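The values are calculated or read from the model by the stated rules, or taken from the named source; none is laboratory data. Keep in mind that this is a model prediction, so the values were computed, not measured. When we count neighbours, we look across all protein chains shown, and the Cβ atoms used for this are built from the backbone with ideal geometry, even at glycine.
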Amino acid sequence: MPMNKGLSRRIRDVAKEKYVLPALRAGLPAFSLRVRDLMEDLRKEGISPEQNTPQFCSAIKKAEFLTENGLEIIGIEGPPSKQSTTVVVNYRVLPRSGDTRGTVPQPATELDLSRASTPGEALKAILERKQAEAEARIAPPATETVSERAFRLTEKLRGLMKDEIAAHGGTEGFMRWVRSDEDEYAA
């Protein structure tokens, strides 16, 4: 199916209006955008997103969208094709001149561990850095309600379960693995 350029522009405009600008106003260093939410927003405007999932996914990953909004993709969650309503794109806000917002902590391998007097302190510093990086990657949208947060988190869990079930050859293989005491039953 050929892509509709007008639809791509509208997808990017709605993404900017409903997700990017609120995140920037809130001063978030990172935020996430779910394709399913974006599709629902356009459905409310009378635009039918059916059969256009790949267009939604590619429109919010285009260099034009990233540059225009000062963003960088730090991760994409979803199936291997990255073309699904379950896709979640995680963005980092790039710093503007004199702006430290959006800076990512240095990786744990670049930590200055010379001040750690014991291996335990060094490990603690590494774990704290990893935690900070993880929190930056999964920052929720700025205007997220409690019910939206619950839905977003359960959808992530559903996606993890879906991947795990597929890794065991389907539901039956997964259930065999769950009920077994050994890994040899995993399909």
Query - Every pair of residues 6+ apart whose Cβ atoms lie under 8 Å, when the first sits in the range 66-85 and is over 23 Å from LEU21 (Cβ atoms) and at pLDDT 90 or above while the second is crowded, with 16+ Cβ neighbours inside 10 Å and of a type in the set (Ser, Thr, Tyr) - result: none
Query raised in the report: Looking at PHE31, is it over 23 Å from PHE151 (Cβ atoms), hydrophobic (A, V, I, L, M, F, W, C) and in contact (Cβ under 8 Å) with a residue 40 or more places away in the chain?
Result: no
Query raised in the report: Tell me, which strands (runs of 3 or more DSSP E) wholly within the range 1-95 include 1 or more residues that are of a type in the set (Lys, Arg)?
Result: 30-34, 88-93
Query raised in the report: Taking VAL20 and the conditions (1) on the phi > 0 side of the Ramachandran plot; (2) crowded, with 17+ Cβ neighbours inside 10 Å; (3) not charged (D, E, K, R), which numbered condition does it fall short on, given that it satisfies the others?
Result: (1)
